[in-house]
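Q: Could you have a look at this structure, given as structure tokens, before my questions?
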Amino acid sequence: MYSRTSLCAATLLFSLLAGCGQRTVSYSRDVNPILQDNCAVCHRPGAPGFGASGFSVATYADVMKGTKYGAVVTPGSSVGSTLVRLLRHQADKSINMPKNYTIDLTRHENIILPGVDARDLPARDVELISKWVDQGAKDN
């Protein structure tokens, strides 16, 4: 019937192919929570990042609209997306994201800390956003 070698080869091939399946990244389930937890503090109407760039993460439409300078997401290309480059700290230090901030409890507002350094998002979060972009940056 089947030799042990061909059975092992078939099992290995099946395992490799099964690992190639890529889970669809969801904007609402995966990406939006990351943006809300890390970016909305500055990038929403009335916040300092919005004032400086015009970029809001309040809605999917806002993210896709981009900044006053143009789009930051290029659906299908994380390499060509400014958002991903900023999160990976592949741009000028002054515009890498997300910035460090603190909360002024007396004035109930967020204050971006002095300096140009951005903090690192967990690699898993950056990869999820990158995959979402590569998968077409869908509103799903």
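Q: For the range 25-134, what ratio Rg/Rh do Cα atoms give with a Kirkwood hydrodynamic radius? The partial results should precede the final answer.
A: On the way: Rg = 13.3 Å, Rh = 14.1 Å.
Radius of gyration relative to Kirkwood radius: 0.94.
Q: While we're here: Estimate the FRET efficiency between Thr24 and Arg107 by the formula 1/(1 + (r/R0)^6), using the beta-carbon distance for r and 41 Å for R0, to the nearest 0.05. Please report the intermediate quantities before stating the final value.
A: On the way: r = 42 Å, r/R0 = 1.03.
Once the sixth-power term is evaluated, E becomes 0.45.
Q: Next up: Quick one: putting +1 on the C-beta of Lys and Arg, -1 on the C-beta of Asp and Glu, what dipole do you get for the range 25-134 around its Cα centre, in Debye to the nearest 20?
A: 160 debye
Q: Would you tally the net charge around Val57, using a Cβ to Cβ cut-off of less than 12 Å, leaving Val57 out, and scoring K and R as +1, D and E as -1? Don't skip to the end; give the middle numbers.
A: On the way: positive: Arg44, Lys65; negative: Asp37, Asp62.
Here the count lands on 0.
Q: Using only alpha carbon pairs under 8 Å that are at least six residues apart, calculate the relative contact order of the range 25-134 and give it in whole percent.
A: Taking the mean separation of contacting Cα pairs over the length of the range 25-134, I get 22 percent.
Bear in mind these aren't lab numbers, they're just calculated from the coordinates by the rules spelled out. Please read these numbers as outputs of a predicted model, since none were measured by experiment. Ideal geometry is used to build each Cβ from the backbone, glycine not excepted, and the neighbour counts take in all protein chains shown.
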